[in-house]
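Each remark here refers to the structure printed beneath this line.
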Amino acid sequence: MRRTLLLAALLLAPLAALRAAEPPKPAGKPNIVFILFDDMGYGEPPCFRADSGFKTPNLDRLARQGMRFTDAHTAASVCTPTRYGLMTGRYPCRIGQYGVLDHFSPPIIEKQRTTVASLLRSQGYNTACLGKWHLGMNFVRHGKDKEAAVGTPVADGPATRGFDIFCGYTEARSIGTIIGNDRIVAHDEPVEVQPMLAKKAEAYLEQRRPGQPFFLYVPLCVPHVPIVPSEEFTGKSRSGPYGDWILEGDAVVGQIMAALDRGKLAENTLLLVSSDNGAAKRVYAPLRGCKTSIYEGGHRVPFLARWPGKIKPGAVCDDTICLNDLLATCAEVVGAKLPDNAGEDSVSILPDLLRTAHHPVREATVHQSPAGELAIRQGPWKLIFFKGSRRELYNLQDDLSETRDQLAAKPEIVQHLTKLMEQYIANGRSTPGAVQKNDADISLDGKQGKAKGRGKAKQKQRARSKQEVNLAMDPDFD
């Protein structure tokens with residue numbers, strides 16, 4: 001391990017400074033922890049698929065202690081756009097983000113945009129992100145070096161988008177380049193990174209105190225490549241290196257649960273666990289497709305929630321939800337009102353969590369693929385917009401595998417969903433509120449949304465978007 005003193009100094013100093021400088025926090029607000037797996041398919045945890053060949057004992061325990069969502073989705077079937085939706089509550093097609101960023105990509109979340117972290121920080125929360133960011137930042141580059149040196153400044157990263165503390169990396173292929181808030185602090189071997197970040201999460205929780213609310217976001221690399229299970233887990237799953245890697249990620253969930261218990265924080269903590277898209281190159285019946293696909297296997301994901309005393313243990317929710325909903329949910333939990341220009345596509349799932357919902361919390365849900373395909377889901381019906389004006393319509397209640405196209409048989413459903421999609425595009429939002437502008441053109445014929453602008457800047461953005469789509473279509477990259 002090539003650890004540096006700079007790593008310790010940069011990561012520990014902000015903790016002490018924040019504890020000394022922050023005003024007293026209001027009591028009663030729940031802590032919120034969100035753990036995001038990378039490419040974990042709906043069919044991989046045994047609590048979602050009884051005949052799964054993988055072991056996830058901590059996820060299974062979490063399902064017994066909390067609520068399991070059977071119809072949870074991401075806004076996109078690849079990483080970067082899903083994470084944009086998660087952090088901002090806005091569909092990524094509204095900024096033309098269909099592909100994924102590389103190591104040196106600039107940030108895609110606008111400085112002034114409300115994020116989950118900035119919202120909660122404004123409500124007195126300490127906020128930390130420990131893991132894979134993949135939403136861009138600005139490096140001070142020296143020539144064409146592929147690996148920036150330790151100490152290289154980094155701007156416009158998580159620390160400027162609402163997080164008090166960040167320790168992690170930009171994307172999976174750069175997992176060994178560790179960034180602490182605003183600079184590179186170490187170059188580690190990939191196998192060392194996940195255990196190191198798990199310990200950071202434990203240390204962060206050990207420094208929390210009851211009555212001082214916090215938001216901890218832990219975006220894992222597991223089970224994305226590089227598949228690098230540590231020695232402790234190698235051979236333990238009996239499902240090969242991939243299964244060992246999943247087991248290690250599951251162990252991180254267990255470590256965080258144990259740290260919450262030790263600190264007497266669990267009773268006042270809403271713990272959420274999900275995945276950023278479907279499994280890479282692995283199809284799990286009855287779902288069709290996998291990562292990058294517009295079909296269910298691309299964006300239907302595991303989703304678990306635990307909140308002792310609030311969520312009934314062993315509960316199951318069949319309501320359709322989206323990872324975009326984190327922002328509106330957090331706002332309702334803390335009693336904050338979102339402005340019209342924030343969380344345009346985010347809906348609170350608090351009624352689902354508390355089992356007080358009398359109807360679906362979402363009117364409809366929009367999905368996208370890196371190929372530029374869009375889909376809209378309302379109730380059992382899902383309408384897909386492919387390139388060249390081709391459409392497909394499925395009734396997921398009767399045909400979860402999406403094998404029987406109902407387009408010709410249900411023209412009234414097609415017309416209704418098309419009109420609703422056009423309304424969502426025109427209004428710049430899918431929730432009630434003032435009309436907002438999209439930052440990219442959105443097409444229903446499968447053509448990529450183009451960023452708005454003129455001249456060289458627009459040409460540069462188009463070239464970058466094309467490169468990002470090519471990266472996204474490589475399931476091993478993002």
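The numbers here are math on the coordinates, done by the rules we state, and not lab data. Since the structure is predicted, the reported quantities are computational estimates derived from the model, not experimental observations. Positions of Cβ are backbone-derived with ideal geometry, glycine not excepted, and every protein chain shown enters the neighbour counts.
Given q = 0.06, 0.07, 0.08, 0.12 Å⁻¹, what are the Debye log10 I(q)/I(0) values for the chain, with equal point scatterers placed on the Cα positions and solvent ignored?
-0.24, -0.33, -0.43, -1.04
Sort Met87, Met67 so that the residue with the fewest other Cβ atoms within 10 Å of its own Cβ comes first and the one with the most comes last. If you can, show how the numbers build up before the last one.
Working: Met87 28, Met67 25.
So the residues, fewest neighbours to most, are Met67, Met87.
So, in nm, how far is label Lys111 from label Asp405 when the simple model puts each one 7 Å beyond its Cα toward the Cβ?
Inter-label distance under the simple model: 4.8 nm.
For the chain, what is the mean residue ellipticity at 222 nm derived from helices alone (per DSSP H run of n ≥ 4: -39500 (n - 2.57); sum divided by total residues; nearest 500 deg cm²/dmol)?
Result for the chain: -9000 deg cm²/dmol, rounded to the nearest 500.
Which whole-number value in Å³ per residue fits the convex hull of the alpha carbons of the stretch 254-364?
Convex hull of Cα atoms, per residue: 148 Å³.
Can you tell me the dipole magnitude for the chain around its Cα centre, using point charges on the Cβ only (Lys, Arg +1; Asp, Glu -1), in Debye to the nearest 20?
1020
Farthest toward the dipole's positive end in the stretch 60-99, which of Ala72, Leu62, Gln97, given Cβ charges of +1 (Lys, Arg) and -1 (Asp, Glu) about the Cα centre?
Leu62
To the nearest 0.05, how large is the calculated FRET efficiency for Asp261 and Ser389 if R₀ is 45 Å and r is the Cβ-Cβ distance?
Given R0 = 45 Å and the Cβ-Cβ separation, E is 0.25.
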